[in-house]
2 protein chains.
Amino acid sequence: MLLRDLGEFGFIGRISALCKIHGSDVIRGIGDDCAIIKISPHENLLITTDIMVERVHFQINLQTARSIGAKALAVNLSDIAACGGTPKQAFVSIAIPEHLDVAWLEDLYRGISELAAEFEVDILGGDTTRSLTDLVINILVTGLTRNDETLFRNGAQQGDVIAISGPLGHSAAGLELLQKQRESSTQIYSPLINAHLQPKPHISVGRILAESGACNAAIDISDGLSSDLGHLCKQSGLGATIFEETLPVAELLRQASRELTTDYLEWILHGGEDYVLLAAIRPQKFREVKLAATEAGADLIEIGQFVSGSEMKLIKKSGIVVDLVPKGWDHFRS
Amino acid sequence: MLLRDLGEFGFIGRISALCKIHGSDVIRGIGDDCAIIKISPHENLLITTDIMVERVHFQINLQTARSIGAKALAVNLSDIAACGGTPKQAFVSIAIPEHLDVAWLEDLYRGISELAAEFEVDILGGDTTRSLTDLVINILVTGLTRNDETLFRNGAQQGDVIAISGPLGHSAAGLELLQKQRESSTQIYSPLINAHLQPKPHISVGRILAESGACNAAIDISDGLSSDLGHLCKQSGLGATIFEETLPVAELLRQASRELTTDYLEWILHGGEDYVLLAAIRPQKFREVKLAATEAGADLIEIGQFVSGSEMKLIKKSGIVVDLVPKGWDHFRS
């Protein structure tokens, strides 16, 4: 059997079965944004890792070395944010094809270290080796949370507000603009393109959610709203209702949608890599948590509600109810 | 400038300069076998990572999926051993070319998880993605040590015994046998070939060295004796003298040496990937530590002494003294 037949999550399921867990200090293994390990009576260690491959995750001719490096770190910081953590250390492994210039590689590391410095993350090591073809970057990030502030995927309650910490679909639109190489429009659409090339991890929102005591579950939107909400629903044993009218749609997204003749709702519902947080928040406390986010210069937008059952529904502006079917990114099927 | 002009250690030096460390909890960043982070008044967290690339580190047609997986973990466990640690968790990132069968990949993970189980290591996650060409495996391992038992590269003292925890050169000989594809001799030479394909991390020796209170510095031999002893010398501000007559030479190594017309001393001094530990041990305590190792079914072999200065010398059996020049593995020059 080949991976494209099994799919990414089918494969992860199979290998997870091979990985039994023994340590009593392990709170979460495979299946959350981070592995979560108890290291003291009050503190959990968070660990997350992401591997990025040239021509699969990035194109050297479409973006700068700096932005490739920064994004490779950002996607990991976003996982720490989803667990409510403070990122601490990063480890960078890199397999380098011979033709890449040292100056280009230094720019890549500059991109990593600038973003690391912004979040006071120490780069403590890694590994460097040769690659015969593509550049491969694997970054692992550690973080810390208090035991009673750690956010999981599986705690959502019926009636919880579904909130996002920023607009969706910008990254998917930016990617499509890049792929169709509309160079004339690069300037106009730079906010969308930058959303794809230089996502910012929502660390401070993650901390606000964690400290609020009102966030029952969280995840970062890396695969797309439909997929990542699906993870929260499945792991919490709930269904969800999303209201289309509450989904923020930037004018620029509408404009790109018209120009590319792609429905922006597809980008919003299924486009990945926005790296905003998706959270389940106790309804009585939502206003208070949103206020805390606003005061910190961040945002929390109510887009729906967790409901009993296991189905995800989208209530269209017209009032029609449709199934929200996960069709986000699968690395082995896409 | 290209990497082959700068070399692996030149490149690491440059990128290290970009990675400033801020955290007061960081005991070691880049430059030791593991990053070392203080997580409690009594305990240090160890983190190490290794990236392995198809056709650079392994050949799919020369070895089994199980042995590739096991080795990818073993090289990390060996770094934990070099710091005197107990390994705890592993994270496996993998970029998979489309043609690989799921059953083959499950065997790879079986190799990882079997070795992990042997050392009670939990596999807590990782990342899976597509690769367009080569298989890439990055494993990261965490470990723990007591603060006062952590082994570093930089503590060797003048007069310390230089000891190794097993024979050297077997892996290099095994690799050469594999490369020259002497299939007829695979049976005879299987101990050498297995030393290359299935190295065993010397965790228990590492723990014995750590608990002894007599080990002033340690490293694992991954790049070759001359290179790795060079690291201990440089970081400890010392030189070293190695006595050829004390270096163990298995009869099988002599036999392979004759058959391949390669000097076995080259394998022993410069061949990498044996993953035995190289340690600086206080001379007054050496017998005691060696006894503890023997009782645990392991070994410690005295092969030389740390001396003042910065030069490494080899005293040949003939009594002639020659310079021992590091010429171990460099990923960008080899």
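The values are calculated or read from the model by the stated rules, or taken from the named source; none is laboratory data. These numbers were taken from a predicted model, which means no experiment stands behind them. Virtual Cβ from ideal backbone geometry, glycine too; neighbours counted across all protein chains shown.
Every test in (1) buried (at least 18 other Cβ atoms within 10 Å of the Cβ); (2) touching an Asp or Glu at 6+ places or on another chain (Cβ under 9 Å) is passed by B:Leu253 save one, and that test is (2). Remark: pairs (first residue in the stretch B:307-325, small (Gly, Ala, Ser); second residue assigned to a loop (DSSP other than H, G, I, E, B); Cβ separation under 7 Å; 6+ apart in sequence or on different chains) = B:Ser308/B:Gln158; B:Ser308/B:Leu238. Take the conditions in contact (Cβ under 8 Å) with a residue 40 or more places away in the chain and closer than 30 Å to B:Thr133 by Cα and apply them to A:Phe332. Does it pass? Criteria met by A:Phe332.
When we screen B:Ser93, B:Ser40 for residues that are modelled with pLDDT under 95 and facing chain A (nearest Cβ under 7 Å), the only hit is B:Ser40.
Among the residues of the stretch B:5-37, which ones are assigned to a strand (DSSP E or B), of a type outside the set (Asp, Glu) and modelled with pLDDT under 85? Selection gives B:Ile30 alone.
In the set (1) outside the structural domain of A:Ser40 (by TED's automatic domain parsing); (2) among the basic types (Lys, Arg); (3) touching a strand residue (DSSP E or B) at 6+ places or on another chain (Cβ under 9 Å), A:Lys180 fails one condition alone, (3). Name the residues in the stretch B:19-37 that are in contact with a helix residue (DSSP H, G or I) (Cβ under 9 Å, 6 or more places away or on another chain) and more than 9 Å from chain A (Cβ to nearest Cβ), would you? Selection gives B:Ile27, B:Asp33. The C-beta contact set for the stretch A:1-18 (first residue at the interface with chain B (Cβ under 8 Å from one of its Cβ atoms), second residue assigned to a loop (DSSP other than H, G, I, E, B) and of a type in the set (Lys, Arg), distance under 6 angstrom, 6+ apart or interchain) comprises A:Arg4/A:Arg333.
Examine the stretch B:99-117 for a residue that is part of a loop (DSSP other than H, G, I, E, B), farther than 22 Å from B:Ala172 by Cβ, out of contact with any Ser or Thr (no Cβ under 8 Å at 6 or more places or on another chain) and not assigned by TED's automatic domain parsing to the domain that holds B:Leu197, and state whether such a residue exists. Yes: one or more hits. Applying the condition of being touching a strand residue (DSSP E or B) at 6+ places or on another chain (Cβ under 8 Å) and at the interface with chain A (Cβ under 7 Å from one of its Cβ atoms) to the stretch B:102-119 and asking which residue is farthest from B:Lys88 (Cα to Cα) yields B:Val102. The set of residues in the stretch A:119-158 that are more than 27 Å from B:Cys19 (Cβ to Cβ) and either in a strand (DSSP E or B) or not β-branched (Val, Ile, Thr) (or both) comprises A:Arg146, A:Asn147, A:Asp148, A:Glu149, A:Leu151, A:Phe152, A:Arg153, A:Asn154, A:Gly155, A:Ala156, A:Gln157, A:Gln158. Of B:Val205, B:Val249, all but one fail to be among the aliphatic types (A, V, I, L, M) and either assigned by TED's automatic domain parsing to the domain that holds B:Leu77 or part of a loop (DSSP other than H, G, I, E, B) (or both); the exception is B:Val249.
Scanning the stretch B:51-90 for residues that are away from chain A (no Cβ under 12 Å), assigned to a loop (DSSP other than H, G, I, E, B) and aliphatic (A, V, I, L, M), which turns out farthest from B:Ala195 (Cα to Cα)? Once the filter is applied, the top-ranked residue is B:Ile60.
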